[in-house]
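Read the structure below first, then the notes.
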Amino acid sequence: MWHTKKTWHQHHADTSTFGQKLADTVATGMGSWRFIIWQTVIVIAWMTLNVIGFVYHWDVYPYILLNLVFSTQAAYAAPIIMMAQNRQSDRDRAQADADYKTNCEAKKEIEDLTKLLNSIEIDKLDKIISMLEEIKGKKS
């Protein structure tokens, strides 16, 4: 059975609470072109319906209700996005730490291999020298 160590990403995904996952999802959604396009469509529809409304204008120019909706959206969106950014910073820090540990382990392995190759090279040179001395001894 293979036992693999969890990556920083798997660890983060496993330890995130419902609120953290929700904040990440909201921040991802609000930071997309899809959100911007839909919000633009809604604003255009809101203003158009209020301008051409024959019977009832629920939010006449200067669109104070629409402004209130945007203010409320911004009041909730800002802290949610900041929470997601803080978690992203934590993920980046964890990834940098994991990369550093991996680099240190790789450096140690390279140093060990270098020592091993040096010892093999020295052993080969010693054997060559002893063979040359043996050949020289037979010729004399």
Legend entry - Extension gain from ASN103 to GLU121, taking 0.36 nm per residue of separation minus the Cα-Cα distance: 3.8 nm
Legend entry - Kyte-Doolittle mean at least 1.0, axial Cα span of 27 Å or more - DSSP H helices of the chain: 33-52
Inset, instruction - Please work out how much length the chain gains when fully extended from TYR63 to GLU111, using 0.36 nm per residue of separation minus the C-alpha to C-alpha distance, in nm with one decimal. - result: 10.3 nm
Inset, instruction - Please list, in chain and number order, the residues 5+ apart from SER16 or on another chain whose amide H is under 5 Å from its amide H, with Hs placed from the backbone. - result: none
Legend entry - Per-selection metrics, segment 69-123 (Cα): Rg and Dmax in Å: 23.6, 80
Inset, instruction - With a point put 7 Å past each Cα toward its Cβ, work out how far THR25 is from LYS138 in nm, to one decimal. - result: 8.1
Legend entry - Volume per residue of the C-alpha convex hull in the chain, rounded to whole Å³: 199
Inset, instruction - Return the lysines within reach of LYS139: Cα separation strictly under 19 angstrom, same-chain partners fewer than 8 residues apart disregarded; answer none if there are no such residues. - result: LYS127
Inset, instruction - Roll a 1.4 Å probe over the protein chains and send me the accessible area per residue for the chain in Å². - result: 87
Inset, instruction - Taking every pair of Cα atoms in segment 17-85, average 1/r, invert it to obtain the Kirkwood radius, and report Rg/Rh to two decimals. - result: 1.11
Legend entry - Exposed-site-free run, longest, the chain (rule: chymotrypsin sites (Phe, Trp or Tyr not before Pro); DSSP loop; at most 10 other C-beta within 10 Å): 59-140
Legend entry - Out-of-range pairs (alpha-carbon distance over 24 Å; input LYS5/LYS115; LYS5/LYS107; LYS6/LYS107; LYS21/LYS101): LYS5/LYS115; LYS21/LYS101
Legend entry - Candidates ILE110, ILE44, ILE129: whichever shows maximal mean-square fluctuation once the chain is modelled as a Gaussian network with Cα springs under 10 Å: ILE129
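The values are calculated or read from the model by the stated rules, or taken from the named source; none is laboratory data. Values in this document were obtained by computation on a predicted structure and should not be read as measured data. With ideal geometry, Cβ positions are generated from the backbone for all residues, glycine too; neighbour counts draw on all protein chains shown. Heavy atoms of the whole protein, side chains included, go into the accessibility calculation; ligands, DNA and RNA do not. Shrake-Rupley method; radii C 1.70, N 1.55, O 1.52, S 1.80 Å.
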